[in-house]
Amino acid sequence: MREIILREIEDEVPVEAFTPPFCPNPRCREHTRDLKSGPSDERWFYRHGRYGTDAFGAVPRFRCRRCGRGFGRQTFRVDYYAKRVIDYRELFQLLVACSSTRDICRTVGCSTGTTANRIERLARQAVAMHGDALMKVCIDEPVVVDGFENFAVSKFFPNNVNILTGAETQFLYDFDYRTIRRSGQMTAIQKLIRKKLERLYRADRQALVKGFTALLDSLMSIPRRSYSIRLRTDCKTEYRRAIESNRHYRLLEKARVIVHERTPSTEPRTRHNKLFAVNYLDRQFRKDLKECVRRTVCFGRNICNVMQRMVVYRMYHNHFKAFRHRNPGPTHGSMAALDERWVSLRLSRLFGWREFPSRTILNPSDRAVWMRELVTPLKSGAEYLPKFAWY
Ligand SMILES: [Zn+2]
């Protein structure tokens, strides 16, 4: 178990002594030069005064010699453009301990809008770190895919979050969100309401097939050690349909690059079940994330916010939570052979220093979360995305 209260190394550097690590302009050569060839020796920037703020005091300003772009120390902070300081570590701790948005507001002393805004910033940080982590892991185990079912907006809009996890390490590699059509037993009135609502929003009939295919795409992009991928799922027909209807995956299965093992979901849900990793994660979501608790009134109202909370929880599961509660040593990340020093360094910066999408590789499902591209049923108008989230 990793301590959530991590020391922020850069806080030891006085604000006045801060030097920008790169130019924030994504079109400038100095934006990614440090990633390609290490820190630059030449002085690519010069100091350009300072400005005063109520929340952060005097903020030093700089100007890039290469592109002429002006920027300040705050440009590199998670709190860029924020007017109020909220402790991200406290927020994180509350979120993964089954607190609702209102609970967090009461504890932290802010509005629901501010809480949602800070969780959004934290989610981008978590997504960027995960993108880099996926470049460093190497799959050396069977993987398990299964859907976690919940609802958002109303019970007439159930959803399926397909989870891709390691069978042995339980490292959460990826997930994919799809709104699905409500089915099962309904009263005559409920059927009528569904019919009316479907005039406004109708879930894609192929949602499960498309969601599973998206996860297969993601799986193929993660480095792996062996030739074959042992893919474990339950017996949902959509999984077979996704493989058989796609020529690429059909050929990969024929060449035994993908070995699909199916386990009936009626099998006892014990440690020996081949789908144990996803059964375990289902349980964790149900008890740790407020909107996933059965019969809760704190269900998600916005799909982008739902998935932002989910990616923050993924970071907690992979890098903070112990692999086994009784053995508080390794995390799921260290079980997946992630370099612990790298993880600690990233986490020590995560709650303070802003990640830039132009300096990291995001997988498609995480990019949709970052860019708030997921569609909320019945919501009119586009999701608001601050301009700085693009760069
Ligand atoms: Zn520049």
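The values are calculated or read from the model by the stated rules, or taken from the named source; none is laboratory data. Being a predicted model, the structure only gives us computed values, none of them experimental. Cβ coordinates were reconstructed from backbone atoms using ideal geometry, including for glycine residues, and neighbour counts include every protein chain displayed.
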Considering the stretch 22-53, residues that are of a type in the set (S, T, N, Q) and closer than 20 Å to Phe356 by Cα, and then whichever is nearest to the ligand (Cβ to nearest atom), we arrive at Asn25
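Look at the stretch 54-74 and say how many of its residues are away from the ligand (no atom under 13 Å from the Cβ) and free of Cβ contacts under 8 Å to residues at least 24 places away in the same chain. Give the steps one after another, and end with the answer.
First, the residues of the stretch 54-74 that are away from the ligand (no atom under 13 Å from the Cβ): 54-61, 72-74.
Then drop every residue that is not free of Cβ contacts under 8 Å to residues at least 24 places away in the same chain, which leaves 61, 72, 74.
Of the residues in that region, 3 qualify.
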Anything in the stretch 124-139 that is within 14 Å of the chain's Cα centre (by Cα) and either of a type in the set (S, T, N, Q) or not in a helix (DSSP H, G or I) (or both)? List them, or say none. Gln125
A careful count of residues in the stretch 306-355 that are over 20 Å from Ala116 (Cα atoms), part of a loop (DSSP other than H, G, I, E, B) and among the hydrophobic types (A, V, I, L, M, F, W, C) gives 4
Could you list, in sequence order, all residues of the stretch 362-382 that are in contact with a Cys (Cβ under 9 Å, 6 or more places away or on another chain) and part of a helix (DSSP H, G or I)? Ala368, Val369
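Taking the stretch 171-206 on its own, how many of its residues are of a type outside the set (Lys, Arg) and either buried (at least 17 other Cβ atoms within 10 Å of the Cβ) or outside the structural domain of Leu378 (by TED's automatic domain parsing) (or both)?
Kept after step one, since they are of a type outside the set (Lys, Arg), are these residues of the stretch 171-206: 171-177, 179-180, 183-190, 192-193, 197-198, 200-201, 203-204, 206.
Pick out the ones that are also either buried (at least 17 other Cβ atoms within 10 Å of the Cβ) or outside the structural domain of Leu378 (by TED's automatic domain parsing) (or both) and you get 171-177, 179-180, 197, 203.
Residues flagged as of a type outside the set (Lys, Arg) and either buried (at least 17 other Cβ atoms within 10 Å of the Cβ) or outside the structural domain of Leu378 (by TED's automatic domain parsing) (or both) within the stretch 171-206 amount to 11.
Please go through the stretch 209-231 and pick out each residue that is part of a helix (DSSP H, G or I) and of a type outside the set (Asp, Glu). Let's see the steps before the verdict.
Step one: filter the stretch 209-231 for residues part of a helix (DSSP H, G or I), giving 209-221.
Val209, Lys210, Gly211, Phe212, Thr213, Ala214, Leu215, Leu216, Ser218, Leu219, Met220, Ser221, listed by residue number.
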Please count how many residues of the stretch 70-123 are over 26 Å from Lys321 (Cβ atoms) and over 21 Å from the mean Cα position of the chain (by Cα). 14
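Report, by residue number, each residue of the stretch 315-374 that is over 23 Å from Cys304 (Cα atoms) and of a type in the set (S, T, N, Q).
Within the stretch 315-374, the first condition is being over 23 Å from Cys304 (Cα atoms), and the residues that meet it are 320-349.
Across the stretch 315-374, the qualifying residues are Asn327, Thr331, Ser334, Ser344, Ser348.
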Would you mind stating whether Lys136 is farther than 24 Å from Arg341 by Cβ and out of contact with any helix residue (DSSP H, G or I) (no Cβ under 6 Å at 6 or more places or on another chain)? no
Report yes if Asn318 is closer than 18 Å to Leu95 by Cα, in contact (Cβ under 8 Å) with a residue 24 or more places away in the chain and in contact with a strand residue (DSSP E or B) (Cβ under 9 Å, 6 or more places away or on another chain), otherwise no. yes
Pairs, please: C-beta under 7 Å, at least 6 apart or cross-chain, first residue farther than 12 Å from Asp217 by Cβ and in the stretch 241-264, second of a type in the set (Phe, Trp, Tyr) and surrounded by fewer than 15 Cβ atoms within 10 Å (Cβ to Cβ)? Val257/Tyr227
Across the stretch 216-232, which residue is nearest to Asp132 (Cα to Cα) among those that are crowded, with 19+ Cβ neighbours inside 10 Å and either among the acidic types (Asp, Glu) or out of contact with any Phe, Trp or Tyr (no Cβ under 8 Å at 6 or more places or on another chain) (or both)? Ile229
